[in-house]
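The values are calculated or read from the model by the stated rules, or taken from the named source; none is laboratory data. Everything numeric here is computed off the predicted structure, so don't read it as measured data. Virtual Cβ from ideal backbone geometry, glycine too; neighbours counted across all protein chains shown. Please note that ligands, DNA and RNA were not included when accessible areas were found on the heavy atoms of the full protein model with its side chains. Shrake-Rupley method; radii C 1.70, N 1.55, O 1.52, S 1.80 Å.
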Amino acid sequence: SAIMPDLSERWANRQKVAFERQFVTGPRVTLAVLIPISFVYMAVAQPFIRLAIEHGRVTGSGAHLVTSSLVLFAVGLPGFSAFFLLMRAYQAMQDARTMFWIYVLENALTVIAKLLGLANSAWMAARS
C-alpha cells in the first residue's frame, strides 16, 4: 500500500508519534472513501448485473446470485481494507509474531463462517 514506505521510515527513525499519526490517518481516509462507495456499490449492483449479464444463458436467479455476491463483497470491503492497512503497519514495525496470530485468528474465523454456512445449507436442504 502507499503508506507502507512512510510507516517503515517513521518506525525505523523511532518517530512513534508520526508513525501513529500516519497509521490513524491511513484507515480514516480509506474508510471515509470506501464506506460511501460501498453503499453506492450495493445500490447499483442489481441494476448493473441485470444490464450486464442477464441475457442469454444467465437466468434471473443466476443474476440474483451474482448480485448477492457483489453486495456481500461491498459489505466486507471496508473491513478488509482496514485489516490490510493494519497488516502493513505491523510489517513496517517488523512485528511478524503479531501478524502471525492475527492471520491465525482471521483464518479461524473464515473456517468457522464456512462451517456455519455449510451447516445452514444442510439444514435448509433437510427442510425442503
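A few points about this structure:
- For the chain, with all protein chains in place and a probe radius of 1.4 Å, 68% of the accessible heavy-atom surface sits on carbon or sulfur.
- Diffusion constant of segment 19-67 at 4 °C, which comes from Stokes-Einstein with the Kirkwood Cα-pair radius and 1.567 mPa s, µm²/s: 100 µm²/s
- Mean Cβ neighbour count within 10 Å, used as a protection proxy, ranking 33-41, 2-10 highest first: 2-10, 33-41
- Solvent-accessible area per residue for the chain (1.4 angstrom probe, square angstrom): 72 Å²
- Whole-number percent relative contact order across the chain, with pairs defined as alpha carbons under 8 Å at least 6 apart: 31 percent
- Selection among LEU7, MET99, ALA74 by position relative to the dipole of segment 1-124 gives LEU7 as farthest towards the positive end (Cβ unit charges, Cα centre).
- Over all projection directions, the Cα-based convex hull of the chain averages an area of 10.6 nm².
- Cα-centred dipole magnitude for the chain, charges only on beta-carbon of K, R (+1) and D, E (-1), debye, nearest 20: 100 debye
- Each Lys and Arg adds +1 at its Cβ and each Asp and Glu adds -1 at its Cβ; summed about the Cα centre, segment 49-122 shows a dipole of about 100 debye.
- Kyte-Doolittle mean at least 1.0 and Cα axial length at least 30 Å: DSSP H helices in the chain: 16-53, 60-92
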